[in-house]
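Notes to accompany the following structure.
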Amino acid sequence: MSQEMSPAEIPVGVVGLGLMGCSIVTCFLMAGHPVVAVAPIPADMNTAEPRIRTHLANSFHEGIITNLPETYVTQLQITEDYSLLKNCKLVVECTLENIDIKKAVYARIEAAVPDDTLIASNTSAIPISLLQRQTQLPARFFGLHWMEPSHTTRFLEIICGDLSDVAKADWLYELSHQWAKEPTLVRKDIRGFITNRLMYAMYREAFNLVENGYATVEDVDRAIRNSAGFWMMLAGVFRWMDLTGVPAYHTVMKDLFPTLSNRTDVPKLIDDIVQAGGKGVQNAQGFYEYTPEEAEAWQKTYEEFSYDIQRLAQKYPADVVKKKISKSDE
Ligand SMILES: NC(=O)c1ccc[n+]([C@@H]2O[C@H](COP(=O)([O-])OP(=O)(O)OC[C@H]3O[C@@H](n4cnc5c(N)ncnc54)[C@H](O)[C@@H]3O)[C@@H](O)[C@H]2O)c1
């Protein structure tokens, strides 16, 4: 690791300390960065520290980190004062998915940091080319798209907007290997980036199957958990076709593609839930019925699962086969 890439020498900032902001802060602390965590709303000042401490305690308990949580907390400053971002080399914005809120936050970040500090957004779907135009220096602006919980998942998309400096994205790409990620660099902005484009194609088809009576919500979930859910962490879509025989996919595509849903409206099934205030397990109202106890148990189970799957992921990095072969050549 070059001196320049030593996280301890690279202070970073996170603005927005909700669900994802807290796990991103945890990821940075675990990687060894000094972190300035800015609370843009007063409520974050009460909730952020306990959340981050819980992530660290669980990560310690699960053996992901070996130092005591307290060691990491010494590197953390939680504040409402944006000016403390002044030494950060990178600031990640993680506020609500609302362009006006994000724009106001960028103005405050840019007022605090020097011109060579990179700024990134964890937006799920607002185009980076649009967001960077809300800033004074768009060339230093990128998307950094994480997956919850950011301190255990290996996923990270680094996205360039039309005006981003790709050389700076390369620096981010290098650095993100210190965060236990297998990053993807999206060199040209596209709405939804890579994963959301793939995932939403799947969500659309799932609604098509349920709304048209081919299968129930439970059946769709069971099918995908036990098919793609089984192999995806190892193989990815293209490797999977290589593993299982490319010509068959060619044949099926010809007949199946014309029958897949290409609707552009929001499906009624999800619209009804959202209109009725449903948020999923967060308020025990979603595609499934939950008692409050079950909803809480699902959240907890997902968290436990994320630690288990992280252990399995470590056993199967992208270069697993190269590593195996070079080991057997020794
Ligand atoms: N939740 C996910 O799984 C997920 C995944 C990928 C990306 N994202 C994106 O990350 C961002 C944050 O999502 P989250 O799930 O952490 O949301 P959240 O609701 O948990 O947190 C939102 C945070 O936004 C900030 N905020 C709220 N109102 C504000 C205001 N008026 N001005 C400034 N800041 C304000 C606060 O820090 C608040 O804690 C969004 O852009 C979201 O699309 C979320």
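Legend: ranking of residues Ile52, Ile99 from fewest to most surrounding C-beta atoms inside 10 Å; resulting order Ile99, Ile52.
Between Asn212 and Phe257, the FRET efficiency from the beta-carbon distance, with R0 = 22 Å, is close to 0.80.
Could you give me D for the chain, from Stokes-Einstein at 25 °C and 0.890 mPa s, where the hydrodynamic radius is the Kirkwood radius over C-alpha pairs? Units µm² s⁻¹, please.
Working: Rh = 21.8 Å.
My calculation gives 113 µm²/s for D.
Against the chain, whose longest principal axis is taken from its Cα atoms, helix 42-61 shows a tilt of about 70°.
Of all segments of the chain bounded by trypsin sites (Lys or Arg not before Pro) found in a DSSP loop with no more than 16 other C-beta atoms within 10 Å, the longest spans 1-132.
Each of Thr54 and Lys103 was given a label point 7 Å from its Cα along the Cα-to-Cβ line. The distance between the two points is 3.5 nm. Relative to the longest principal axis of the Cα atoms of the chain, the long axis of helix 19-31 lies at roughly 60 degrees. Placing dummy labels 7 Å off each Cα toward the beta-carbon, the span from Ala8 to Trp298 is 4.4 nm.
The slack between Lys324 and Met147, meaning 0.36 nm per residue of separation minus the straight C-alpha distance, is 60.9 nm. Listed cross-link partners Lys181/Lys279; Lys181/Lys323; Lys279/Lys300; Lys188/Lys315 are compared with a 20 Å cut-off, the Cα-Cα value being larger for Lys181/Lys279; Lys188/Lys315.
Dividing the summed -39500 (n - 2.57) terms of all DSSP H runs of n ≥ 4 by the residue count of the chain sets its mean residue ellipticity at 222 nm at -16000 deg cm²/dmol.
Normalising by residue count, region 3-186 has a Cα convex hull of 100 Å³ per residue.
Calculate how steeply helix 99-112 sits against the longest principal axis of the alpha-carbon atoms of the chain, using the helix alpha-carbon long axis, and give the answer as 0 to 90 degrees to the nearest 10. Relative to the chain, helix 99-112 is tipped by roughly 30 degrees. Decide, for region 197-323, between rounded, prolate and oblate: order the square roots of the alpha carbon gyration tensor eigenvalues as a ≥ b ≥ c, take rounded if a/c falls under 1.5, and otherwise choose prolate if a/b is larger than b/c, else oblate. Oblate shape, in that a/c is at least 1.5 and b/c is the bigger or equal ratio. From least to most packed, judged by other beta carbons within 10 angstrom and beginning with the fewest, His33, His177 follow the order His177, His33. Here Phe141, Phe257, Phe155, Phe60 are placed in order of increasing Cβ neighbour count within 10 Å, fewest first, which gives Phe257, Phe155, Phe60, Phe141.
Using alpha-carbon positions, what is the distance between the centroids of region 206-244 and region 17-80, in Å? Each part reduced to its Cα centre gives a spacing of 34 Å.
Bear in mind that the values in this text are calculations on the coordinates, not laboratory data. Just so it is clear, the model here is predicted, and its values are computed rather than measured. A quick note on method: Cβ atoms are made from the backbone with ideal geometry, for glycine too, and the neighbour counts reach across all protein chains shown.
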